[in-house]
Amino acid sequence: MRILKRNIDKAEIAELEVSAFGGRIIVVQSAGEAEKAIAYLNNQPYVGIDTETRPSFRRGQSFGVSLLQVSTVDTCFLFRLSRTGFTEGMKQFFQSPSPIKIGLSLRDDFARLHAAGDFEPRGYLELQQYVAQLGFEAQSLQKIFAILFGRRISKSQRLSNWEADVLTDAQKLYAATDAWACIRIYEELERLQAEGFQLLEEETENE
């Protein structure tokens, strides 16, 4: 039976080796490409999702969603929404009960995506709620991943320009890793529940 921490601090995470997505990364830049990608994703049992938005460094300035990442176990699609638009296929994808759409802070992602197109989200699993129900205190993707796998996810590209004409390899890997990590966490939590696990009790001040 595995013994796991309820939480982990940033200093401990910084000592861990980096983990990254190792599958195919496909950049989707047109409405036609988007519909083909969605058709592929609709045949999956579950997918990991995330979004990236161009950072703003001025007060009062904000941008719409630049990138929508949807990942299977071995393939991640990066939808450049400023070029593809929010297609009818995307709308139906988010409104369908399947595949299960797994993410973290999904309410924020959905709120940002609503600016691109109106939809009623169905068939999703919020990892923050899932881990809390199991007794974990960690709520960030990086912390949850570190507890479960003993490795860290790099956040070095988070504030890069997601509206650049061409995304760098580092940006693509960062974006794909976040969506893929949601799947890995979900699969590991399902396995742990089937095989059994125990959370460390919190130390008291006297210990």
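Does at least one position in the stretch 97-110 carry a residue that is assigned to a strand (DSSP E or B), under 21 Å from Lys155 (Cβ atoms) and modelled with pLDDT of 95 or more? Talk me through it step by step, then tell me what you get.
Of the residues in the stretch 97-110, the ones assigned to a strand (DSSP E or B) are 100-103.
Pick out the ones that are also under 21 Å from Lys155 (Cβ atoms) and you get 102-103.
Then keep just the ones that are modelled with pLDDT of 95 or more; that gives 102-103.
Checking the stretch 97-110: at least one residue is assigned to a strand (DSSP E or B), under 21 Å from Lys155 (Cβ atoms) and modelled with pLDDT of 95 or more.
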Which members of the stretch 118-141 meet the condition of being more than 12 Å from Cys182 (Cβ to Cβ), of a type outside the set (A, V, I, L, M) and touching a residue at least 40 places away in the same chain (Cβ under 8 Å)? Gly135, Phe136, Glu137
Can you work out which of the residues in the stretch 68-83 that are within 15 Å of Ala115 (Cβ to Cβ) and assigned to a helix (DSSP H, G or I) is farthest from the chain's Cα centre (by Cα)? Ser82
Among (1) out of contact with any strand residue (DSSP E or B) (no Cβ under 7 Å at 6 or more places or on another chain); (2) at pLDDT 95 or above; (3) β-branched (Val, Ile, Thr), where does Thr204 come up short? (2)
If only one of Gly150, Gly135 is out of contact with any helix residue (DSSP H, G or I) (no Cβ under 8 Å at 6 or more places or on another chain), surrounded by fewer than 15 Cβ atoms within 10 Å (Cβ to Cβ), within 22 Å of Glu17 (Cβ to Cβ) and at pLDDT 95 or above, which one is it? Gly150
With respect to Ala146, determine if the residue is more than 21 Å from Lys10 (Cα to Cα) and of a type in the set (A, V, I, L, M). no
Subset of the stretch 11-31 that is more than 19 Å from the chain's Cα centre (by Cα) and not acidic (Asp, Glu) - its residue that is surrounded by the fewest Cβ atoms within 10 Å (Cβ to Cβ): Ala11
Scan of the stretch 82-95 for residues that are surrounded by 14 or more Cβ atoms within 10 Å (Cβ to Cβ) and of a type outside the set (D, E, K, R), ordered by number: Ser82, Thr84, Gly85, Phe86, Thr87, Gly89, Met90, Phe93, Phe94
Can you name the condition, by its number, that Ile26 falls short on among (1) modelled with pLDDT of 95 or more; (2) more than 26 Å from Asp165 (Cβ to Cβ); (3) out of contact with any helix residue (DSSP H, G or I) (no Cβ under 6 Å at 6 or more places or on another chain)? (2)
Report, by residue number, each residue of the stretch 104-116 that is of a type in the set (Gly, Ala, Ser) and on the phi < 0 side of the Ramachandran plot. Ala111, Ala115, Ala116
Given the criteria under 19 Å from Arg2 (Cα atoms) and in contact with a strand residue (DSSP E or B) (Cβ under 7 Å, 6 or more places away or on another chain), does Leu199 qualify? yes
In the stretch 1-60, which residue that is acidic (Asp, Glu) and without any contact (Cβ under 8 Å) to a residue 12 or more places away in the chain is farthest from Ser105 (Cα to Cα)? Glu15
For the structure I just gave you, tell me whether Leu141 is closer than 27 Å to Gly64 by Cβ and in contact with a Leu (Cβ under 6 Å, 6 or more places away or on another chain). yes
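The values are calculated or read from the model by the stated rules, or taken from the named source; none is laboratory data. Worth saying up front: this structure is predicted, and the values here are computed from it rather than measured. Positions of Cβ are generated from backbone atoms using ideal geometry, with glycine treated the same way; all protein chains shown enter the neighbour counts.
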